[in-house]
Amino acid sequence: MSKKFLELYEHCKKVSERILEACEKELYFRVISHLDADGIAAASIISSLFFRLGAHFHLRIIQQLREENLREIKESKESIFIFTDLGSGQIGIIEKNLPQDSVLIIDHHPPEKETTILQANPHLCDIDGATEISGSGVAYLVAKNIDESNMDFAPLAVVGALGDRQDKGEQHRLSELNSEIVKDGVNKGILEENTGIRLFGRETRPIAMALEYTTDPFIPGLSGNHGACLKFLTENVKIPLKNNGNWRTISDLSQDEKTKLVSELIQYMLGPGEMSPEEAQSIVGVIYILPKEEKQTPLRDAREYSSLLNACGRMRKPGLGVAICLGDRSEALEEVESVTTDYREKLAGYMDWLIKPGAVTQTEYLQSFHGGKLIDDRIIGTIASIAISSGIISQDKPIFAFAESEDGMVKVSARATDYQVQQGIDLGTALRTAVKEVSSEATAGGHNIAAGAHIPIGTESKLLQILNKIIKSQLVKNSASNESKN
Ligand code: C5P
Ligand code: C5P
Ligand code: ZN
């Protein structure tokens, strides 16, 4: 095991020791987590751990950690505050509002500054938190450290890492520390890693529904549109969709039929779908299966599971996502079906809006779009992720997406490609620097490849002007340092 991994394990061990000490003292835990799939998975791992330890706790899932969240909780006496999938980027306000020795941070965001607060964070050990391990992965390591029986949380950590799009290995495989977690799950017989067609519900759903329900990859014109999927399958793929009156699934297809489906899909993705060749090719790739989940449920495929958690968080039902992760398989599973249907339809509507001419504005070093009040500020990040990863918008420049929040601020979501990051672009640093010049009320944070901010309404163009300069200087600095190396 490499030195940096051992170092992170050591930090996780310290966090787990502090958790056990607090349990001994019967202290109350306050867990605060992020509302995306990784945040919900991380919160669920820690919550399940507390159930097993018999600890008393309260869980809160939030979109963004702000000072008012901390003011609300600081009154709670004799508590341990645990931040999962957030916190490292907001150390300043945490230090200002909470006693440092009662805070534990389990995160994978680049730390804002040095602190004496105890953190388990890959960045402190020279491990990349954007690709090597997620927030739920770190939570998993903490739980595993407490007791090896907690290795049954491995699938949840995989769901979280996929939600954060960390499947950057060949054919969309999880790598580095994430692959160690995959191994734990596989060894326990609770996870399988296969290669196949990356559509949701390969073994269970009628083919048209598998196509309609798939949002990762998101296929413009097909994802979320049942009629279009049926038309595509009957007119382009031309394979029988029923056998003896029963709907066939993808796993029922012969090898020739599968090949035909894949080749037609790739043609569609490159043609009317206007997707990038890499994304189109990636329709076949690595799939993570949770074999203990019922075949008919959306929980068997880890990518579908993560999109379901994302839907819960972003459709304002994070508690429902946590219930599912904690094992609720009755009414919660029924309720989540309607939430994910609404989410898919919303995504499809937003994507239709985005592909209209004129929606995206270009400057020399970046591109942007403004969803105003039309796009939900909780979903703007997902739209930006899908748009750039699928190649629906140009992959030459990073994208900055805006949407108005209910609190009168503007939410900014920024996304880059792996190639742009290799060229020196760091969106987290760019946004953190830029917002300081825009307003004292603005906040920002995040990774090199995906970052976000909140800024006052009316400061969008100023922010973009500053960002344009920062991105340019990041690219220039990187190419200068490459030249000096050569
Ligand atoms: O807060 P957290 O780190 O969990 O969120 C990262 C966000 O960035 C996720 O919403 C994820 O989907 C997005 N992301 C992305 N593209 C990447 C990496 C992350 O859109 N390559
Ligand atoms: O909200 P969005 O999905 O665009 O966030 C992208 C990444 O930036 C996430 O990892 C999120 O936690 C982080 N972020 C942050 N501070 C903000 C907004 C987003 O650290 N003010
Ligand atoms: Zn995360």
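Since every read-out is calculated from the coordinates, none of them should be taken as a lab result. Computed from a predicted model, the values in this text were never measured in an experiment. Cβ placement follows ideal geometry from the backbone for every residue including glycine, while neighbour counts extend to all protein chains displayed.
Calculated over region 206-351, the projected area of the Cα convex hull averaged across directions stands at 9.3 nm². Calculated mean residue ellipticity at 222 nm for the chain: -14000 deg cm²/dmol, from DSSP H runs with n ≥ 4 weighted as -39500 (n - 2.57), summed, divided by the residue count and rounded to 500. The equivalent ellipsoid that matches the C-alpha gyration tensor of region 361-478 spans semi-axes of 20, 17, 11 angstrom, in descending order. Taking a ≥ b ≥ c as the square roots of the eigenvalues of the Cα gyration tensor, region 294-333 is oblate, since a/c reaches 1.5 or more and a/b is not larger than b/c. Segment GLN362..GLU437, full-extension length gain: 24.8 nm, with 0.36 nm per residue of separation and the alpha-carbon distance subtracted. Each peptide among 280-287, 353-360, 258-265 gets the average number of other Cβ atoms lying within 10 Å of its residues, and from highest to lowest they stand as 280-287, 258-265, 353-360. Here the peptides 142-150, 39-47, 200-208 are ranked by packing, the mean other Cβ count within 10 Å, and the order with the highest first is 39-47, 200-208, 142-150.
How big is the gap, in Å, between the Cα center of region 228-289 and the Cα center of region 50-78? Measuring centre to centre over Cα atoms gives 45 Å. For region 173-214, backbone nitrogen atoms closer than 16 Å to the point 7 Å from ILE355 Cα along Cα-to-C-beta are found at 211-214. Sorting ARG300, ARG248 by the number of Cβ atoms found within 10 Å of their own Cβ, with the fewest placed first, yields ARG248, ARG300. Remark: the chain projects, on average over all directions, an area of 23.3 nm² (convex hull of Cα atoms).
Considering only DSSP beta bridges with both partners in the chain, what is the antiparallel share in %, to the nearest 5? Rounded to the nearest five, the antiparallel share is 55 percent. Of the residues ILE61, ILE82, SER48, the one whose Cα sits farthest towards the positive end of the charge dipole of region 42-83 is SER48 (charges of +1 on Lys and Arg Cβ, -1 on Asp and Glu Cβ, taken about the Cα centre). Region 102-120 and region 341-377 have their alpha-carbon centroids 34 Å apart. In straight-distance terms, cross-link reach from LYS238 covers every one of the aspartates and glutamates whose alpha-carbon lies under 16 Å from its own, apart from those fewer than eight places away in the same chain; here that gives ASP252, ASP256, GLU257, GLU264. Between SER179 and ASP328, the modelled labels are 3.7 nm apart [label points 7 Å from Cα along Cα→Cβ]. Dipole magnitude for the chain: about 540 debye, using +1 per Lys or Arg Cβ and -1 per Asp or Glu Cβ, origin at the Cα centre.
So if R0 is 22 Å, what FRET efficiency would ARG60 and SER338 give, r being the distance between their Cβ atoms, rounded to the nearest 0.05? For ARG60 and SER338, the calculated efficiency is 0.35.
Enter the Cα centre distance for the pair region 131-196 and region 426-486, rounded to the nearest angstrom. Centre-to-centre (Cα) distance: 31 Å. Among the listed pairs LYS144/LYS346; LYS96/LYS397; LYS96/LYS188; LYS258/LYS346; LYS14/LYS469; LYS231/LYS346, a Cα-Cα separation exceeding 32 Å is found for LYS144/LYS346; LYS96/LYS397; LYS96/LYS188; LYS14/LYS469. Placing R0 at 41 angstrom, the Cβ-Cβ distance between SER461 and LEU241 gives a FRET efficiency of 0.25 after rounding to 0.05. Taking square-rooted eigenvalues a ≥ b ≥ c of the alpha carbon gyration tensor, is region 184-268 rounded, prolate or oblate, where a/c under 1.5 means rounded and, failing that, a/b exceeding b/c means prolate? Because a/c hits 1.5 or more and a/b exceeds b/c, region 184-268 counts as prolate.
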